[in-house]
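J.: Below is one structure. I have some questions about it.
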Amino acid sequence: MLDPQASTLSHRAAARPRCPKCQSRMEVQRITAARPGFEHWTLRCVKCGLINEAQVSTDPMKSDAIGWVNSDLRTPE
């Protein structure tokens, strides 16, 4: 179940985030789909074993969000 209090990380921060408890690097244990434009990541600290969950934004150019780019929408002139 998704935790509504789960943090949201950018892809840069999510690469190897720091543990909020001991500041060691965490590793991704599982990635599942979440709301559109986001993934739900389960992270585990390699030192203390803390489990953390986060919502990570996906690359909009590699998702369903690119549909608007190919549409007839244009910038106002």
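The values are calculated or read from the model by the stated rules, or taken from the named source; none is laboratory data. Model, not experiment: these values are computed from the prediction. Don't worry about glycine lacking a Cβ; one is built from the backbone with ideal geometry, like all the others, and counts go over all protein chains shown.
Residue by residue, here is whether (1) at pLDDT below 85; (2) part of a loop (DSSP other than H, G, I, E, B); (3) of a type in the set (G, A, S) holds:
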residue	(1), (2), (3)
Q29	no, no, no
P36	yes, yes, no
H40	no, no, no
A54	no, no, yes
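J.: Here's a follow-up. Conditions first: (1) at pLDDT 90 or above; (2) surrounded by 12 or more Cβ atoms within 10 Å (Cβ to Cβ). G49 passes all but one, so which condition is the exception?
T.: Among (1) at pLDDT 90 or above; (2) surrounded by 12 or more Cβ atoms within 10 Å (Cβ to Cβ), the lone unmet condition for G49 is (2).
J.: List the number of the failed condition for C22; all other conditions in (1) modelled with pLDDT under 90; (2) exposed (fewer than 15 other Cβ atoms within 10 Å of the Cβ); (3) on the phi < 0 side of the Ramachandran plot hold.
T.: (1)
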